[in-house]
1. Suppose the filter is under 15 Å from GLY81 (Cβ atoms) and either of a type in the set (D, E, K, R) or surrounded by fewer than 24 Cβ atoms within 10 Å (Cβ to Cβ) (or both); does ALA295 pass it?
2. Here is a check on your reading of the model: is THR101 under 19 Å from GLY282 (Cβ atoms), of a type in the set (S, T, N, Q), crowded, with 16+ Cβ neighbours inside 10 Å and modelled with pLDDT under 80?
3. Would you mind finding the one in SER277, SER303 that is part of a helix (DSSP H, G or I) and either polar (S, T, N, Q) or without any contact (Cβ under 8 Å) to a residue 60 or more places away in the chain (or both)?
4. Can you name every residue in segment 102-136 that is assigned to a helix (DSSP H, G or I), within 17 Å of LEU290 (Cβ to Cβ) and out of contact with any His (no Cβ under 6 Å at 6 or more places or on another chain)?
5. For segment 374-387, enumerate the residues that are among the hydrophobic types (A, V, I, L, M, F, W, C) and surrounded by 16 or more Cβ atoms within 10 Å (Cβ to Cβ).
6. I need the full set of residues from segment 140-199 which are in contact (Cβ under 8 Å) with a residue 40 or more places away in the chain, part of a loop (DSSP other than H, G, I, E, B) and either surrounded by fewer than 20 Cβ atoms within 10 Å (Cβ to Cβ) or hydroxyl-bearing (Ser, Thr, Tyr) (or both), in order please.
7. State whether the residues of segment 324-347 include one that is outside any loop (DSSP other than H, G, I, E, B), out of contact with any Phe, Trp or Tyr (no Cβ under 7 Å at 6 or more places or on another chain), closer than 23 Å to VAL260 by Cα and not acidic (Asp, Glu).
8. Determine which single condition GLY285 fails, assuming it passes every other condition in (1) in contact with a Leu (Cβ under 8 Å, 6 or more places away or on another chain); (2) in a helix (DSSP H, G or I); (3) in contact (Cβ under 8 Å) with a residue 60 or more places away in the chain.
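The values are calculated or read from the model by the stated rules, or taken from the named source; none is laboratory data. The structure displayed is predicted, hence computed values, not measured ones. Note that each Cβ is placed from the backbone with ideal geometry, even for glycine, and that neighbours are counted across all protein chains shown.
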Amino acid sequence: MNSEIESGTSNLSSAKAIIQNIRNLPKAFTWTALFSGILIVFVSTTGPIAILYQAAEAGELPVETTNSWLFAVFLGSGLFGLLLSLRFGIPIVGSWAATTTALLVTGLVDHKFSDVIGAYFGASILLILVGLTGVFNRIMQVIPHSIIMAMLAGVLFMFGLKIFTSSRVNPLLGLAMIAVYFLGRALKWRAPVLVSFFAGLFVVLLQKKTDFPTLNFSPVQSVWTNPTFSIGAFFTLTIPIFLMVMTTQNAPGIALLKAVNYHAPVNQLVHFGGALSLLGAGFGGAGVNLSAMTATIAISPDSDPNPKTRYVAGVSAGIAYCIAALFAGIFSALYGAFPIELTAILAGLALLPVITNSLVEALEQRKFHDSAVVTFLVTASGVSGLSIGSPFWGLLAGLAIYRFNEIRESRQDH
């Protein structure tokens, strides 16, 4: 593999870089890059959307509000990837954090949707400040990474359980989807979740448990929700959303770019994502950030062997996301027709690698074992107090245990 660092058009001004990369698109175009970008959006319309619709059901949101939510996250993700890929000449893929959406499955039970919108505004402002001040690495050192990963695992734990509790309701569906998913992982398919979805769809059609609805191809109407702010939502939603975006999306997304020898413009990625998140927050935008789960499809040599022209995959994904945003109502109609078990299993399988990775990283260092386990259990328990939910209490409990052990060990050394 070529070890030379590819910086794309980072050394040019924004205007010159965008104009140059647009002009070079016909020469840089490859079919594999085009299909890689489209595949990213197909994957996002399975597992990640299943998580979003579970959150919408938990909050009993109207269809119009759910459509607007999906419109905002798709459009934000599309503009992020499209504009930054053209700006820097490297394959940058935008997304919304499925992990923060998963947080809302319980968050929308305890908080109004307007509180969630307020939390989006707050997290977006924090991201902009981090990007503009360049304190990304310093913030990542304030709370130990193991404790943040343990909190994430606790938030997602129920999704993993639902893979199997839903399979108990419909065993054939569960077995088919799980088997196809792990077969795809074993054979290193590029999108095992997508194939698992089609396997599940085939089963429910055989069982006659779903009917294809009438699809409305008119552009979706965005719905503005006035934000409300509360102390409980700040600690339960804003802070965990901010930490999750930083640690589960931006940090691994940047690491992926570096792993394939791209220069990652860290601060620009963070504050531009924060700015787009701020613009979309009132319409339900769950935050825009650098993709971690689907970015590998675009940045690998399978997308385009030439790293200098691989940015076409990011452009392709961005355009496909924007088109999907206009017709977000189609996805609402489809997912509304699917059995609950299919959506639950799909959401769990989509998050399974994240759950696994979170647990591995939480317990990687022995000195964090006690604090990580306590954080995980408190977060997964759903315990709340003072109108503040379990993710915050999990972080607080884990930090307390870690500091206590640290003080005890320092005294023993003396």
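1. Values: under 15 Å from GLY81 (Cβ atoms): yes; either of a type in the set (D, E, K, R) or surrounded by fewer than 24 Cβ atoms within 10 Å (Cβ to Cβ) (or both): no.
So ALA295 does not fit the description; no.
2. Details: under 19 Å from GLY282 (Cβ atoms): yes; of a type in the set (S, T, N, Q): yes; crowded, with 16+ Cβ neighbours inside 10 Å: yes; modelled with pLDDT under 80: yes.
When the stated conditions are applied, THR101 passes them.
3. Numbers: SER303 fails: part of a helix (DSSP H, G or I).
Answer to the check: SER277.
4. Restricting attention to segment 102-136, the residues satisfying the condition of being assigned to a helix (DSSP H, G or I) are 102-110, 113-133, 136.
Now restrict to residues that are within 17 Å of LEU290 (Cβ to Cβ): 123-124, 126-128, 130-132, 136.
Selection gives ALA123, SER124, LEU126, LEU127, VAL130, PHE136.
5. Applying the first criterion (among the hydrophobic types (A, V, I, L, M, F, W, C)) to segment 374-387 yields 374, 376-378, 380, 383, 386.
Answer for segment 374-387, where residues must be among the hydrophobic types (A, V, I, L, M, F, W, C) and surrounded by 16 or more Cβ atoms within 10 Å (Cβ to Cβ): VAL374, PHE376, LEU377, VAL378, ALA380.
6. Selection gives ILE143, ARG190, ALA191.
7. No, that holds for no residue.
8. With (1) in contact with a Leu (Cβ under 8 Å, 6 or more places away or on another chain); (2) in a helix (DSSP H, G or I); (3) in contact (Cβ under 8 Å) with a residue 60 or more places away in the chain applied to GLY285, the lone miss is (2).
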